[in-house]
Structures are given as C-alpha cells and as structure tokens.
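Structure provided below as structure tokens; questions to follow.
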Amino acid sequence: MWLGQVDVEPPGGQRYWHHVIRLHRAAIMALLDDHDQVLMLWRHRVAPDRWGWELPGGMVDADEEPADAAVRELEEETGYRAGQVEYLLTYQPTPGIVDAEHFVFVGRKPESVGDPTDLSESARVEWVPLAWVPAMIDAADIWSAGSLVALSRVLMRDRG
C-alpha cells in the first residue's frame, strides 16, 4: 500500500494536490458448475462489521500473474480447483482516490481437491444457484464490490 499526493492539472481547471492510495492488485474467481451454480463464501468483513456472500479472491503477489492468484485463492479458500479459467474483466472499485486494480476470472469444470487451507476466510462455502443471485443482491446478502461486479457481468454474459 502507498499513500501520498499527486500533482493534478485537469483539462481547463486549476492545478491542485490530490490524495492517492495505491493498493495491491486483487484477483477474484467466479467458479461455475454444470448446474448453473456459483461457488460462494459466507464471510465477515471487519471494517463494516458485516456478513455477506462473496466470491473467493485475494491479493496478487508481486511475482504472480492475476490468473494464477485467482486459482491459488480459489483453492486456498474453498478446496476447489477450476479445470478451465477464463479472463472476464478488470475494474477499479474506487478510482476517485484509490488505485486498486481488480481482475475477475470465470472458472469452469470444478474439481474438489480437499478442504480449504485458509480456514480464517469464511464460515461456509456453498454452491449457490445463479438464478438466486439477483434476489440475494436485492436483499443485500451480496454487497461487496468484487462480487457485485463479477456476478453482474457473469449474469449479463450468460443472458446476452
């Protein structure tokens, strides 16, 4: 993480100093099975003190490709491996002040390879029907930016 200021001169505007936070890159995996289900984690987030359903994911190590990080995080957090991995999109969750590039991947052909090795990540790991996702979003059971962006895109792509 890096916190600092940058000198900004917008087109037609006044020059000023702007606070910037640069975070590590992150990778997220939406693992889908042959029954139109997605593998999700029920987890607690400390800062908002809130529980919700999320996709597996985490930080990309300095010497790691984002796809490799998504595969690693999926296995650590769920005990599953994707037989096929496809890049879906890249986004910035809060680009006004934070540089935190997030990479989203879709995994298919899931294979259970054992128990999760990072037991601090979630209280439950469950397959959730994709058809339930819009109602879960409406009920604020899915509320984290990464999961919202990834699942919305998965649903858009599958329907269009």
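Output yes when any residue across segment 52-67 is farther than 21 Å from residue 152 by Cβ and touching a residue at least 60 places away in the same chain (Cβ under 8 Å), and no when none is.
Checked against the condition, which is being farther than 21 Å from residue 152 by Cβ and touching a residue at least 60 places away in the same chain (Cβ under 8 Å), segment 52-67 yields no hits at all.
Can I ask one more? So, in segment 67-93, of the ones that are β-branched (Val, Ile, Thr) and over 18 Å from residue 25 (Cα atoms), which residue ends up modelled with the lowest pLDDT?
So, considering only residues that are β-branched (Val, Ile, Thr) and over 18 Å from residue 25 (Cα atoms), the one modelled with the lowest pLDDT is 78.
Also, quick follow-up: Going by what's in this entry, would residue 125 be described as farther than 30 Å from residue 7 by Cα, in contact with a Ser or Thr (Cβ under 6 Å, 6 or more places away or on another chain) and touching a residue at least 60 places away in the same chain (Cβ under 8 Å)?
So residue 125 passes the test.
Taking segment 102-151, which residues are of a type in the set (Val, Ile, Thr) and touching a Phe, Trp or Tyr at 6+ places or on another chain (Cβ under 6 Å)?
Scanning segment 102-151 gives 142, 149.
Also, I was wondering about something else. Just to be sure I understand, how many residues within segment 21-45 are under 17 Å from the mean Cα position of the chain (by Cα) and under 25 Å from residue 4 (Cα atoms)?
Within segment 21-45, residues that are under 17 Å from the mean Cα position of the chain (by Cα) and under 25 Å from residue 4 (Cα atoms) number 5.
Something else: State all residues of segment 47-66 that are at pLDDT 95 or above, under 14 Å from residue 26 (Cβ atoms) and surrounded by fewer than 19 Cβ atoms within 10 Å (Cβ to Cβ); if no residue qualifies, say none.
Residues satisfying the conditions are 59, 61, 64, 65.
Can you name the condition, by its number, that residue 75 falls short on among (1) charged (D, E, K, R); (2) touching a residue at least 60 places away in the same chain (Cβ under 8 Å); (3) farther than 22 Å from residue 155 by Cβ; (4) buried (at least 18 other Cβ atoms within 10 Å of the Cβ)?
Single failed check for residue 75: (2).
Between 150, 100, 70, which is surrounded by 15 or more Cβ atoms within 10 Å (Cβ to Cβ), within 14 Å of the chain's Cα centre (by Cα), in contact (Cβ under 8 Å) with a residue 24 or more places away in the chain and closer than 20 Å to residue 35 by Cα?
Answer to the check: 150.
The values are calculated or read from the model by the stated rules, or taken from the named source; none is laboratory data. It should be emphasised that the depicted structure is a prediction, and the values quoted were computed from it without experimental measurement. Using ideal geometry, Cβ is built from the backbone for each residue, glycine included, and neighbour counts are taken over all protein chains shown.
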